[in-house]
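Structure, as structure tokens:
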Amino acid sequence: MDFEASSWAESMSTMFSFLFFGFTILFSLFSLLLYVLRLKPWCNCDVCKAYLSSSWTKDFSNLCDWYTHLLRKSPTATIHVHVLGNIITANPENVEYMLKTRFDNYPKGKPFAAILGDLLGKGIFNVDGDSWKFQRKMASLELGSVSIRHYAFDLVTTEIRSRLTPLLSSVAGKGETLDFQDVFRRFSFDTICRFSFGLDPGCLQLSLPISKFAMAFDTASHLSAKRALTASPIVWKIKRFLNVGSEKELREAIKMVNELAEGVINQRRKEGFADGNDLLSRFMASIDDDRYLRDIVISFLLAGRDTVASGLTSFFWLLSQNPEVESMIREESDRVMGGPSHHHQQDQLPRFEQMREMHYLNAAVHESLRLFPPVQFDSKFAQEDDILPDGTFVKKGTRVTYHQYAMGRMEQIWGPDALEFKPERWIKNGVFVPENSFKYPVFHGGFRVCLGKEMALVEIKCVVLAIIRAFDTRVVDPNQVPKFSPGLTATVRGGLPVMVRERSA
């Protein structure tokens with residue numbers, strides 16, 4: 001009797017599991033059908049046909065270049081990719097409208113939050129509303145303080161002196177190549193980990209060790225970004241439910257990131273955080289929820305790592321194409337800092353005050369970021385029906401994207417020389433003059449303008465000066481044109497191989 005009852009229970013359990021699984025699949029397929037119908041896959045316009053057939057790849061190496069081409073041809077600098085349900089704009093008036101005038105109608109939205117939710121949780125870059133306001137206010141107070149800016153500056157200069165310069169010296173003149181993109185990613189990961197967690201992963205040591213944390217973080221951010229490339233969110237959600245393929249790999253990577261983050265937080269709780277200068281220690285004074293702390297700090301880790309590395313990679317590629325700019329930066333740094341001394345590394349780095357006097361360097365960095373913004377586009381989702389300033393109708397729930405990469409290449413915005421690398425366009429009467437943030441939304445704009453902007457610029461400029469004052473660098477393939485891999489930030493496929501030699505006195 002017991003055996004029969006047990007068999008009956010097992011049969012019912014199996015049947016229930018089968019029915020549940022079957023219902024899940026049918027519901028997912030039904031949701032996918034609704035999603036596909038909403039996107040109008042039958043759209044026969046030229047843009048949608050080119051996108052679906054990938055015929056644009058015949059003329060363009062990067063999707064961002066094709067979008068730029070379409071936006072430059074559009075009278076309003078706005079296009080609609082119907083099969084993606086996405087309005088894309090490079091119109092500064094539309095950008096200001098989204099980021100400032102009607103900020104409340106264009107949040108990041110639930111679709112975006114779902115894509116990055118497993119990695120970023122409820123961190124500042126993945127939330128809207130009160131949670132965003134709270135984190136924004138707290139981060140603004142901390143990142144705006146003089147003490148933390150000097151702390152960040154000291155971290156950067158220490159990493160340069162103790163690791164970056166010795167690494168470059170070790171290969172200089174030996175005929176060896178270095179992948180600058182890899183070097184800059186290691187550099188920025190070391191500095192942002194120390195700034196965020198008070199943890200030094202040591203990625204830029206001379207042996208260029210493999211960091212399990214860095215690898216897990218890279219995998220997690222890359223696979224999270226790939227979710228956005230699927231035909232429907234249902235696809236990656238089913239894979240996540242079944243724990244297969246890329247979603248299984250993503251889960252394992254995030255687990256490793258979580259274990260390290262939780263370990264650091266627990267250790268800091270035990271040791272005390274009152275005397276810590278890193279972000280984690282500062283935020284611990286206001287937040288008791290360790291999971292929330294993890295989300296906040298991981299968000300800053302993501303923002304500060306890949307963006308700086310991407311900006312530096314593009315900058316040195318542009319320098320290789322424009323050696324006269326490198327000469328101008330060297331001349332300016334010699335005027336401000338004195339002639340270079342190759343016997344004392346400390347002489348190669350500027351003081352915080354000297355950085356403000358280097359207007360041409362500042363202009364060159366901003367010009368590089370204009371042409372190659374680390375974040376090439378940013379999307380919002382309309383809460384209600386709306387009409388953009390250029391007359392474009394936006395239906396509720398539509399994804400609206402402003403395209404920073406395209407905006408930096410629009411003749412309507414920057415003139416007929418928009419594609420040229422000209423730092424001089426930022427200089428008036430010998431002084432650097434910034435542009436309107438809605439014309440130049442590299443650091444976003446309006447209420448979500450980047451809080452770490454100044455620290456990121458200082459880090460980039462410190463690295464640039466340390467390298468070009470002490471070394472001559474040459475890109476191995478002078479004809480190399482950047483081709484980008486899909487991701488949250490612009491990453492060059494194949495990296496940036498360079499040859500390095502020390503400058504003669």
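Values quoted throughout were computed directly from the atomic coordinates according to the rules given, and no laboratory measurement underlies them. Remember, predicted model here, so these are calculated numbers, not experimental data. Glycine also receives a Cβ, built like all others from the backbone with ideal geometry; neighbour counts cover every protein chain displayed.
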The chain: calculated mean residue ellipticity at 222 nm from DSSP helix runs of at least 4, using -39500 (n - 2.57): -17500 deg cm²/dmol
Dipole moment magnitude, nearest 20 debye, the chain about Cα centre, only Lys, Arg, Asp, Glu C-beta charged: 640 debye
Size of region 291-398 as Cα extents on the principal axes (Å, biggest first): 62, 42, 25
Top positive-direction residue, dipole computed over the chain with Cβ charges, set 467, 293, 484: 484
Residues 238, 460 arranged by fewest to most Cβ contacts within 10 Å: 238, 460
Net lengthening on full extension, residue 327/residue 383 (0.36 nm per residue, minus Cα-Cα): 15.2 nm
Spin-label model distance (nm) - residue 61 vs residue 207, 7 Å beyond Cα toward Cβ: 3.6 nm
Across 174/255; 122/270; 237/453; 239/396, pairs whose alpha-carbon gap is larger than 31 Å: 174/255; 237/453
Spacing of the two label points (7 Å from each Cα toward its C-beta) at residue 483 and residue 396, in nm: 4.5 nm
Shape call, region 132-246: gyration tensor on alpha carbons, a/c limit 1.5: oblate
Trypsin sites (Lys or Arg not before Pro) lying in DSSP loop within region 149-199, provided at most 12 other Cβ fall within 10 Å: 174
Kirkwood-type radius of region 346-502, with distances r between different C-alpha atoms, in Å: 18.1 Å
Evaluated over region 36-134, the Cα radius of gyration and Dmax, each in Å: 16.3, 47
DSSP-defined beta bridges in the chain - what % are antiparallel, rounded to 5: 85 percent
Shape category assigned to region 49-202 from the gyration tensor of Cα positions, a/c cut at 1.5: oblate
Cα pair count fraction exceeding 14 Å, expressed as % - region 283-322: 61 percent
Dipole of the chain, positive end: most advanced residue of 80, 277, 175 [Cβ charges, Cα centre]: 80
Residue 100/residue 72 FRET efficiency (R0 22 Å; Cβ-Cβ; nearest 0.05): 0.35
In degrees, nearest ten, helix 129-143 long axis to first principal axis of the chain (Cα): 20 degrees
Theoretical gain in end-to-end length, residue 274 to residue 353 [0.36 nm per residue, Cα-Cα removed]: 25.6 nm
Degrees separating the helix 290-321 axis from the principal Cα axis of the chain, which is the longest one: 50 degrees
Longest to shortest principal axis, alpha-carbon extents of region 170-324, angstrom: 51, 48, 28
Label selected from (i) 92, 60, 45; (ii) 74, 55, 52; (iii) 87, 67, 43, the criterion being Cα extents along the principal axes in Å as computed here: (i)
